[in-house]
Amino acid sequence: MRKHRDELQQQLEYERIQQQLAFLNYQINPHFLMNTLNNIHALIAIDPEQAQDSIVELSRLLRYVLYEGDHQYVPVQREVDFLGHYIRLMRIRFTDDVDVRFDVELSQPSAGIPPLVMATFVENAFKHGVSYVARSFVDISIRTGQGRLCLHCRNSKHTYSKPLAESSGGVGLRNARQRLNLLFPGNHTLEISETADTYSVLLDIPLKLEGLPSSVGK
Amino acid sequence: MSLRVVAIDDEPLALRQLVAYIGRVPELVLVAQCQSAVEAAGVLAREDVDAIFCDINMPDLSGLDFVHSLLNGGTPHLVVFTTAYSQYAIEGFKVAAVDFLLKPYSINDFQRAVNRLIERKQQLSALQEAQSHPSADAGSDEVFYVRADHRTHALQLRDIRYGQAMGEYLRLYVDSAPRPLITLLSMKRLCEQLPPERFMRIHRSYVINLNKIAHFAKGRVTLSDGTELPIGDSYRAEFEERVARRRA
């Protein structure tokens with residue numbers, strides 16, 4: 001009887017966390033989508049080939065978010081591919097005065113992570129780091145090793161940048177933080193630091209090395 | 001009719017698309033294309049500009065300030081906003097803009113916005129004309145132009161019963177229309193435009209046609225159509241003085 005009740009309690013707790021997680025899942029920013037479509041719309045007249053490439057990038061990005069965004073785990077490589085699509089789509093929106101680096105070294109590309117776990121940080125780096133008129137940079141590096149994934153995301157800050165808490169980016173960040181607390185309680189690091197002209201996020205989470213669905217490695 | 005316009009968008013491709021559309025509409029003359037609000041403010045200060053196309057989502061604060069200054073009527077220019085926000089999100093900006101273009105927009109959407117700009121400019125010129133030559137012909141000072149329901153109404157002054165302020169809008173009650181005309185005009189501007197010898201402000205929210213008064217008593221005035229309106233404390237003395245003068 002006692003044991004049964006404990007099991008029930010655990011089950012309820014598990015369901016509660018799953019519900020919270022579903023609520024905290026990353027959702028694609030409609031504003032990003034509309035602005036990207038607007039830029040592709042312009043590209044169709046200016047550079048049809050690049051317009052076609054961009055539609056392919058966008059399709060792949062959407063396919064990932066729509067079909068894999070609710071999986072429990074995805075291979076790290078899939079998430080990195082997604083970030084690549086996102087970055088290339090952002091790239092068409094500004095001039096060459098924005099220096100974007102995307103540096104990836106995966107020793108365990110098929111190890112699992114929760115989908116879209118890095119998306120909010122990369123999105124914020126562009127949202128707050130890119131100036132369309134002054135020189136700016138976004139510097140993203142992703143490494144795996146010893147059963148862990150490490151994301152380091154740095155971006156330039158501009159005089160007009162609002163403190164994150166005041167902008168809508170604050171909500172995304174808060175959700176991401178809560179989600180990490182539920183997914184990896186006591187087993188992750190999220191360090192956010194700022195200097196006068198740089199904003200920096202360091203994320204370290206464990207990789208899931210076994211028991212991944214069969215799609216891994218495809 | 002030609003319109004001198006400035007295009008503002010921080011995203012180079014978006015700006016290029018906007019400029020391409022402007023080039024396809026013969027009525028539009030592109031004065032400048034700007035990647036920031038600061039740049040645009042400089043152009044607006046120097047050049048003769050009728051209208052601006054402006055992206056709402058420019059990331060820097062100066063851009064937002066710029067938009068706010070536009071919204072608060074700090075600009076004589078007509079404004080069309082371009083944005084990737086949803087219709088819902090821009091609801092609050094609606095009052096101040098001639099039109100909104102939701103990105104991505106087609107040439108037809110763009111043409112619709114241009115048509116509205118042209119209508120608005122014609123209306124403004126008519127107003128200015130009426131104001132600068134009040135007695136150019138005998139009838140002109142009898143007509144009051146007002147913009148409502150996407151058209152410009154030419155109202156006979158004698159038909160105007162009263163106006164009621166509703167925030168940035170006004171309700172204008174006229175004999176020639178079954179329902180009040182709702183127009184984007186402040187009470188202050190309306191009072192400036194109506195001939196003071198025939199119209200009077202009697203309350204923070206009301207201006208009346210003095211020829212439409214049926215009777216008045218104890219801080220209230222009743223118009224010939226039966227409408228009863230309050231007389232504000234600060235307007236009472238002037239009201240009594242003026243009505244007395246007319247009576248004499």
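Please treat every number below as a calculation from the coordinates, not as lab data. As the structure is a computational prediction, the values presented were derived from the model and not from experiment. Backbone-built Cβ (ideal geometry, glycine too); neighbour counts: all protein chains shown.
Some notes on this structure:
- Near A:ILE40: Cβ cut-off under 15 Å, other residues only, Lys/Arg at +1 and Asp/Glu at -1. The net charge is +1.
- Computed label-point distance, nm, for sites A:ILE46 and A:THR95 using a 7 Å Cα→Cβ extension: 1.2
- Peptide A:31-37, shielding by other chains (average Cβ, 10 Å cutoff): 5
- Label-point separation, B:ILE182 to A:LEU106 (7 Å along Cα→Cβ), nm: 5.5
- Averaged over B:9-16, number of beta-carbon atoms from partner chains that fall within 10 Å: 6
- Amide N of region A:182-208 lying under 13 Å from the label point, which is placed 7 angstrom from the Cα of A:ALA134 along Cα→Cβ: A:196-199
- FRET efficiency for the pair B:ASP48 and A:CYS150, taken as 1/(1 + (r/R0)^6) with r the Cβ-Cβ distance and R0 = 60 Å, rounds to 0.55.
- Sorted from longest to shortest, the spans of the Cα atoms of region A:2-206 along the three principal axes equal 70, 39, 35 Å.
- For chain A: relative contact order, % (alpha-carbon pairs under 8 angstrom, 6 or more apart): 19
- Cα-projected label distance for B:ALA20 with B:TYR169, points at 7 Å along beta-carbon direction, nm: 3.7
- Summing Lys and Arg as +1 and Asp and Glu as -1 over all other residues whose Cβ lies under 12 Å from the Cβ of B:ALA32 gives a net charge of -1.
- Using θ = phi - 60° in the Karplus curve 6.51 cos²θ - 1.76 cosθ + 1.60, the 3J(HN,Hα) couplings for region B:195-211 round to x, x, 6, 10, 10, 8, 7, 10, 6, 3, 10, 10, 10, 10, 7, 4, 6 Hz; x is entered for Gly and Pro.
- Cross-link table A:LYS157/B:LYS103; B:LYS188/B:LYS212; B:LYS121/B:LYS212, entries beyond 23 Å C-alpha to C-alpha: A:LYS157/B:LYS103; B:LYS121/B:LYS212
- FRET E, pair A:ASP53, B:VAL29, Förster distance 41 Å, beta-carbon r, rounded to 0.05: 0.70
- Compared with the direct C-alpha span, the chain from B:THR222 to B:GLN156 gains 21.6 nm at full extension, assuming 0.36 nm per residue.
- Amide N of region A:112-152 lying under 14 Å from the label point, which is placed 7 angstrom from the Cα of A:SER193 along Cα→Cβ: A:152
- Label-reachable residues, region B:168-198, where backbone N falls under 19 Å from a point 7 Å from B:ASP149's Cα toward its Cβ: B:169-185
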